[in-house]
Amino acid sequence: MKVDLAEAQKTIQKYRDRRGAVIPLLQEIQSIYGYVPQELIPLIAKGMNVYPVDIYGILTFYAQFYLAPRGRHIIKVCMGTACYIMGGKDLFDHVRGTLGIEVDETTKDGLFTLERVACLGCCGMGPVVVIDDKFIGRCTVKDINEEMERLQSEKAERLAETN
Ligand code: FES
C-alpha cells in the first residue's frame, strides 16, 4: 500500500529539530497511519537531525510502536506462565490455526491481528484473552469463536451497507 507522505511531512515539520521530540513525533505519525511506515524513517531522521538507525532503534525498542499495518481488531492472548498452564497456549494455537496467521501478523482481509502478551496481572482469571477492549477471563475456544464470528458479521454488515 502506498503511503501518502503529505500528512507525515507536515507532522515532521511541526517537530523539526525540537530536542526530545522524537518519541512524540513517532506517536503522532503512528496515530495517523496506525503504524510507522518504514519508508518514513529516512524523512523522520532527516527532520530530527539524527541517523535513520536511531529512529529504527527506538521503533524496535518500544513495544508501543508498530512497523507494519495492524488489523481492525487486535486479539491478545496472554501467554504468561499461569495463563499458559491454564490453556492459553491452546487458545493461542486455536486462533493461529483458525485465522492462518502467526504472532504479530494480520489476516489478509485486515480484520484481525494476533498478539501474544505477557502477564496482564489477573492470573486468577486465566486463561485471559483481550479482543480490542473486551477482556475475556477463563476464556474458552467457544468464547473466542463467538467473538470472532461477531466481529466478522459486523464486517459483513458494514460491507452490505456500503454496497
Ligand atoms: S499469566 Fe495471564 S494474567 Fe497473569
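List of remarks:
- When region 66-88 is filtered for residues that are within 11 Å of the ligand (Cβ to nearest atom), surrounded by 15 or more Cβ atoms within 10 Å (Cβ to Cβ) and of a type in the set (A, V, I, L, M, F, W, C), the ones remaining, listed by number, are V77, C78, M79, A82, C83, M86.
- Scanning region 103-112 turns up one or more residues that are away from the ligand (no atom under 16 Å from the Cβ), exposed (fewer than 13 other Cβ atoms within 10 Å of the Cβ) and more than 9 Å from the chain's Cα centre (by Cα).
- Selected residue (criterion: most open to solvent (accessible area, probe 1.4 Å)) from residues of region 20-46 that are farther than 16 Å from V3 by Cβ and not in a helix (DSSP H, G or I): G20
- Test for L91: is it farther than 22 Å from T60 by Cβ, modelled with pLDDT of 95 or more and away from the ligand (no atom under 16 Å from the Cβ): no
The values are calculated or read from the model by the stated rules, or taken from the named source; none is laboratory data. Computed from a prediction, not measured in an experiment: that's the story for all the values here. With ideal geometry, Cβ positions are generated from the backbone for all residues, glycine too; neighbour counts draw on all protein chains shown. When the accessible area is computed, the model is the full protein with side chains, heavy atoms only, and any ligands, DNA or RNA have been set aside. Shrake-Rupley method; radii C 1.70, N 1.55, O 1.52, S 1.80 Å.
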